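The values are calculated or read from the model by the stated rules, or taken from the named source; none is laboratory data. Keep in mind that what you see is a predicted model, and the values were worked out from it rather than measured. Cβ: placed from backbone, ideal geometry, glycine included. Neighbour counts: every protein chain shown. Only protein heavy atoms, including side chains, enter the accessible area calculation; ligands, DNA and RNA are left aside. Shrake-Rupley method; radii C 1.70, N 1.55, O 1.52, S 1.80 Å.
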Amino acid sequence: MINERVGVYPGSFDPITTGHIDIITRAQGLMDKLIVGVAINTGKSPLFSFDERMEMLRRELGDLPSGNGLAELEVRPIDGLLVQFARSCGASMIVRGLRAVSDFDYEFQMAGMNARMEKDVETVFLMASERHTFIASRLVKEVALLGGDYRSFVPERVGHQLAKAVERYRERAD
Ligand code: PNS
């Protein structure tokens, strides 16, 4: 498509939550193509391997509608700088979700540095919808590891994978 509006939605997705899916489906109305970028190096030690995170995203996004005014979805690895990834995708936007004031500082710095490095790529913030404002992968993992009920925070199949990952983690810790 000529003059296609392409956006990237980057993240660690360790694991993908219903909050991420909310941002993705809302961003789909704003562009023609949305490329979900999965960070290979998260800077943290992830619970799920890179391959598991990619596979989860491809599967969950495969169930979402696209076309007819909703952006086509694609999942790709980010190996290196986000702005270089955005450029290589032909993207004019980086989409990030904002939940609470506590996200702002980190997001502000990242958006500022990315803008300095790549002035033609705009960071666009979407506010998480009220049902999802509190969901964070980090806390979902903590709840799961401590035996809480995390099922409403993640898609169903991701919940099953999370249960297995928690088992694996506990076996290693024993
Ligand atoms: O879901 P997260 O962990 O908040 O996502 C963070 C992510 C992947 C967007 C960020 O770590 C990132 O952009 N990584 C790519 C490397 C990069 O460009 N770093 C410089 C940012 S100014």
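So, R0 is 30 Å and r is the distance between the beta-carbons of SER66 and LEU98; what FRET efficiency does that work out to, to 0.05? Write out the running numbers ahead of the final one.
On the way: r = 24 Å, r/R0 = 0.79.
Calculated value: 0.80.
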- prompt: What residue among ARG76, ARG138, ARG116 shows peak mean-square fluctuation when the chain is described by a Gaussian network model with Cα springs under 10 Å?
  reply: ARG116
- request: List the residues whose amide H sits under 5 Å from the amide H of VAL124, counting only those 5 or more places along or on another chain, with H placed 1.01 Å from N in the peptide plane.
  value: ILE94, VAL95, ARG96
- prompt: How big is the stretch 103-174 in terms of Cα radius of gyration and Dmax, in angstroms?
  reply: 17.1, 50
- prompt: Across 5 Å bins from 0, what is the distribution of all Cα-Cα pair distances for the stretch 133-174, in whole percents?
  reply: 6, 24, 35, 22, 9, 3, 1
message: If I take every Cα pair under 8 Å that is 6 or more residues apart in the stretch 68-153, average their sequence separation and divide by the length, what percent do I get for the relative contact order?
response: 28
statement: Among the Cα-Cα pairs of the stretch 6-173, the proportion with separation greater than 27 Å, in percent, is 23
- line: Taking a crude spin-label model, label points 7 Å out from Cα along the C-beta direction, the GLU122 to ASN41 distance in nm is 3.1
query: Per-residue accessible area for LYS164 at 1.4 Å probe radius, Å² rounded to 10?
result: 140
statement: Looking only at lysines whose Cα falls under 30 Å of LYS164's and that sit 8 or more positions away or on another chain, we get LYS44, LYS141
query: When the Cα centres of the stretch 6-51 and the stretch 73-129 are compared, how far apart do they sit, in Å?
result: 11
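Inverting the mean 1/r over all pairs of different Cα atoms, compute the Kirkwood radius of the stretch 36-115 and quote it in Å. Walk me through the intermediate numbers first.
Numbers: mean 1/r = 0.0689 Å⁻¹.
Taking the inverse mean of 1/r over all distinct Cα pairs, the stretch 36-115 comes out at 14.5 Å.
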